């Protein structure tokens, strides 16, 4: 393929820009591109395309900006051949590995509108109706979560003096914004002290007489909490990680212990709890903390209470899920991702504050963009220039509606339950924990090994100390082996490339303190049918059993060694 | 308009999702939407639409999420009537008020591709070719700025062990990322100390024996620098603002004074300069600091050197602009916004680090998303989930090419020079400073008042102390009056709504210490012709002179008072 050389001139360039009068080219290329996209969706093929990463490195190896302009048509062809063809088919119903899933096609049309309008939400002069859409949308989500009074929302839905929350680029910035507010509320202006924001974190600790400040979250906390602690100057080691129970929920007793320990510290170790972070939908397992208990505890220790509901928050759209979230309405702030369970495209976060006054803690202004008395939304955001991304979520709530989301989540729940059931029945898999929000952690473990493991677990629980110790060693060895098996299986599945699940490590299973490598399925694609789940299981089982052959000798050795050890022991005892 | 009620069912919903086999609806609605957009571009009308903000409040006043699903068609009509119609026409050639301008129409098509692929750049498992495109694009920009060797780029263009930079949601996050790296490099791990990142900002200061840490930038510094200082725990009052000269460039002597002052501090006031920030294209005036001198100074005081080139950085695409940026290639990091002079849609920032190792200071990992030894780009970014936004800038550099950008910037420069020339010739305007990068600050000032001002300025400069003092008072009074006039004019122009410029306040004019309200034109729309600029001037002059009538009495009073004061003085002297 030789691209046509383009001799650029200003008249040609002017025609590329959107013109109010005759954008014929726009319609023409629009139709062409719709056809390309249409074609793309019709392609089957692997999830990731078979090209290797080193091969891709060679395709994208230009080290300098190209000098000569190319025709749009030629660049579109290049995009099709080099990029679209080698993209990950995250929308495939066989792709059940990450929170990135299929999106409704109308989202693509909404993206066109957003780009064509090109509003900048930072300022009313660059975003008129879109500012109002964003405020309305934030009020909707705020009400969904915090359920304040009719009067509260009537007063604040379009109240430009306050902000109920922010639209952010993603959940990480959402969590960071919440913790920024938390830090300022922990060390606010007082007397001559201008607040942490103005004076800095070191002066804030000093003024308030603390040696240390911490943020507390469970071991399932998203890595963005640590990132935020780094950014905010709090320090990653001051994120205290609390163990979780078998259901991956924060261990309330362990939390209380930690807090008691903090409170009992000497004056030269005085520690401020800036925030306790609850999780409503852990990234790894989809479970929800006891949000109610966390709220009470946060109040008791005078800590800010943030809930990371980036994954699960949207489930509140369906009334029957509300009980899982009991207490969320009394949190100080909650973050939710639109590109997860609202089925929006990458990427958009939402962070909401129960008190309409909280974002005033980080309110700022400048002469040229956001004057102090303006109505500009940029006064309240961490980010500056922002697109009109919220149109997608706003429109989705209208088009899909609560009723539609109810059906989608119903399907997701059925998929999750069905997958768990067939895995449990298969004999060669083991599932972990009770899935609450469409995420299932499990692993491949051949039947024989699984039965041995069950046996040793029984011995470990009900036998003498010595026998129990021996069983525990066996459990450790076999888990170590099965961990290796699942890592290898996961890699082989990537090679096979007809299906996709992800992989992680959990310390919170019944085998604690053994860390368990698990496969992780996120079952939210409405096109993932039971038939497809059957297929996925079959493929994993087939490939898993093949790989297991390589592990058999090591497995036999463990068994033999046990037998031998028993013999030696028996001999000794003679 | 009564929307059709939709009875949702799962089959209907499934059809909304992108299906690999038959997305007929997608093509159908795509064509419809292209027509709607086409129609939108053909509409003339005002810049902002005439609807008032309170009226908009009443349109978007729903306080709860709608229950019943609506047809896509009905929601699109709603979007057209309520949103598109009341959006700001930032692409209009008469809109020369902000950095948000027209974009080439192919951007809209690229947005469709990005949404359809829905890649998440955080991880290779959710972004295959797109990860490689992003790295290639970052290498291009890195080379454009830092001009390192062929070998450097060949080795690093697709080196997944390092990162040359980040794509961010906007320039604010770009600047923040740079300052995060700067903070860590100021207080890195050493001996038993794990680094600021792990231990926190307070412990970092203590370990390194500092009482204070500061970031230095000129008075023209973007407000995101202060925001970053807040976020990073440094504190806003520790952003030291250095005055600028008449050309809005940092006053190098004043900077040296400040640094001398910092160095001479006693041990109990010991201050670390975390970073010096140069500006390559100030937001208000488009001027560029003496980047070369700043580099030398930064090295002398062992400070990190970041350049905020969010506005101007893209000008490096055109060789003739490089001299303005002399020294940028030796900065530690540079941020550039794609939604500004790369003519991409809202919003995308880029931050680049000269050393390929610098982003390792903030490298992080997690089990489930970005494993330590992975090739995932999320290891190096402040944000988490990110869209494939860089496709737009990557494709634009191919389609427009350096040659095309040269023509676009040539047109922008001609527009700026032409506008300055007609304003200067008109007699009723005053322009400020020499525009370097397509931004012009000016104000409306009727000829008579302007001439009086010139007269007083001469007296102030060349007369006795007393006469000079009197002249300065007059200058202050008249500037105060003209400030009021320009604020009123700006509001009236918003009402007129056929053209748009923005407004800000400058302290850096020849009238210092008087602060001057200025109108601000950003002249980058390739469709803004000389004829349109003539029109804009005429409208501003016409409305300005009308408003001036209301100011005349106050103006006369100033003149009379002067005459009276002269008389009284003369009488006294007799």
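Here residue A:433 passes the criteria (1) closer than 25 Å to residue A:504 by Cβ; (2) at pLDDT 95 or above except the one numbered (2). Applying a threshold of 8 Å to beta carbon distances and a minimum spacing of six or more residues, or different chains, the list of pairs starting in the range B:510-537 at a residue that is assigned by TED's automatic domain parsing to the domain that holds residue B:491 and free of Cβ contacts under 8 Å to residues at least 12 places away in the same chain and ending at one that is surrounded by fewer than 18 Cβ atoms within 10 Å (Cβ to Cβ) and part of a loop (DSSP other than H, G, I, E, B) reads B:513/B:507.
Please tell me if residue A:501 is modelled with pLDDT of 95 or more, touching a strand residue (DSSP E or B) at 6+ places or on another chain (Cβ under 8 Å), more than 30 Å from residue A:105 (Cα to Cα) and surrounded by 13 or more Cβ atoms within 10 Å (Cβ to Cβ). Outline the logic, then answer.
Details: modelled with pLDDT of 95 or more: yes; touching a strand residue (DSSP E or B) at 6+ places or on another chain (Cβ under 8 Å): yes; more than 30 Å from residue A:105 (Cα to Cα): no; surrounded by 13 or more Cβ atoms within 10 Å (Cβ to Cβ): yes.
Answer is no for this residue.
Being surrounded by 15 or more Cβ atoms within 10 Å (Cβ to Cβ) and either within 13 Å of chain B (Cβ to nearest Cβ) or touching a strand residue (DSSP E or B) at 6+ places or on another chain (Cβ under 9 Å) (or both) is a condition met by at least one residue of the range A:446-465.
Just one of the numbered conditions (1) modelled with pLDDT under 95; (2) facing chain A (nearest Cβ under 8 Å) is not true of residue B:144: (1).
When restricted to residues that are over 18 Å from residue A:348 (Cβ atoms) and over 22 Å from the mean Cα position of the chain (by Cα), the range B:371-394 contains 9.
Among the residues of the range B:43-65, those identified as modelled with pLDDT of 90 or more, at the interface with chain A (Cβ under 7 Å from one of its Cβ atoms) and outside any helix (DSSP H, G or I) are B:60, B:61, B:62, B:63, B:64, B:65.
If you go through the range B:393-413 one residue at a time, how many are without any contact (Cβ under 8 Å) to a residue 40 or more places away in the chain and either more than 9 Å from chain A (Cβ to nearest Cβ) or buried (at least 20 other Cβ atoms within 10 Å of the Cβ) (or both)? Looking only at that region, the number is 5.
Here is a yes/no grid of residues against (1) within 11 Å of chain B (Cβ to nearest Cβ); (2) out of contact with any strand residue (DSSP E or B) (no Cβ under 8 Å at 6 or more places or on another chain); (3) farther than 28 Å from residue A:287 by Cβ:
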{"residue": "A:299", "(1), (2), (3)": "no, no, no"}
{"residue": "A:306", "(1), (2), (3)": "no, no, no"}
{"residue": "A:316", "(1), (2), (3)": "yes, yes, no"}
{"residue": "A:323", "(1), (2), (3)": "no, yes, no"}
{"residue": "A:347", "(1), (2), (3)": "yes, no, no"}
{"residue": "A:353", "(1), (2), (3)": "no, no, no"}
{"residue": "A:365", "(1), (2), (3)": "yes, yes, yes"}
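Residues of the range B:516-531 that are in a helix (DSSP H, G or I) and in contact with a helix residue (DSSP H, G or I) (Cβ under 9 Å, 6 or more places away or on another chain): B:530 alone. Pairs are defined by a Cβ separation below 8 Å, a sequence spacing of at least 6 or placement on different chains, a first member in the range B:457-469 that is modelled with pLDDT of 90 or more, and a second member that is assigned to a helix (DSSP H, G or I) and exposed (fewer than 14 other Cβ atoms within 10 Å of the Cβ); the pairs so defined are B:459/B:467; B:468/B:461. Within the range B:425-432, is there a residue that is in a loop (DSSP other than H, G, I, E, B) and either more than 28 Å from residue A:13 (Cα to Cα) or in contact with a strand residue (DSSP E or B) (Cβ under 6 Å, 6 or more places away or on another chain) (or both)? Taking every residue of the range B:425-432 in turn, at least one turns out to be in a loop (DSSP other than H, G, I, E, B) and either more than 28 Å from residue A:13 (Cα to Cα) or in contact with a strand residue (DSSP E or B) (Cβ under 6 Å, 6 or more places away or on another chain) (or both). Restricting A:250, A:288, A:328, A:276 to those that are more than 14 Å from chain B (Cβ to nearest Cβ), surrounded by 22 or more Cβ atoms within 10 Å (Cβ to Cβ) and under 14 Å from residue A:144 (Cα atoms) reduces the list to A:328. The numbered conditions (1) away from chain A (no Cβ under 11 Å); (2) more than 30 Å from residue B:124 (Cα to Cα) are all true for residue B:380 except (2).
Can you name the residue in the range A:480-507 that is more than 12 Å from every other protein chain (Cβ to nearest Cβ) and within 18 Å of residue A:424 (Cα to Cα) and is also nearest to the chain's Cα centre (by Cα) among such residues? So the residue we want is A:486.
For the range B:93-134, the candidate set comprises residues that are within 22 Å of the chain's Cα centre (by Cα), more than 7 Å from chain A (Cβ to nearest Cβ) and modelled with pLDDT of 90 or more; within that set, the residue that is surrounded by the most Cβ atoms within 10 Å (Cβ to Cβ) is B:96. I'd like to know if the range B:508-524 contains one or more residues that are at pLDDT 95 or above, surrounded by 15 or more Cβ atoms within 10 Å (Cβ to Cβ), more than 23 Å from residue B:281 (Cα to Cα) and within 26 Å of the chain's Cα centre (by Cα). Yes - at least one qualifying residue is present in the range B:508-524. Against the numbered list (1) more than 7 Å from chain B (Cβ to nearest Cβ); (2) surrounded by 21 or more Cβ atoms within 10 Å (Cβ to Cβ); (3) at pLDDT below 80, residue A:5 comes up short only at (2). Exactly one residue out of B:178, B:182, B:139 is more than 30 Å from residue B:271 (Cα to Cα) and buried (at least 24 other Cβ atoms within 10 Å of the Cβ), and it is B:139.
Matching residues to (1) over 25 Å from residue B:395 (Cβ atoms); (2) in contact with a helix residue (DSSP H, G or I) (Cβ under 6 Å, 6 or more places away or on another chain); (3) modelled with pLDDT under 95:
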| site | (1), (2), (3) |
| --- | --- |
| B:137 | no, yes, no |
| B:163 | no, yes, no |
| B:173 | no, no, no |
| B:194 | yes, no, no |
| B:198 | yes, yes, no |
| B:219 | yes, no, no |
| B:235 | yes, yes, no |
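Count of the range B:464-488 residues, restricted to those that are farther than 20 Å from residue B:546 by Cβ and assigned to a helix (DSSP H, G or I), is 15.
The values are calculated or read from the model by the stated rules, or taken from the named source; none is laboratory data. Please read these numbers as outputs of a predicted model, since none were measured by experiment. Cβ: placed from backbone, ideal geometry, glycine included. Neighbour counts: every protein chain shown.
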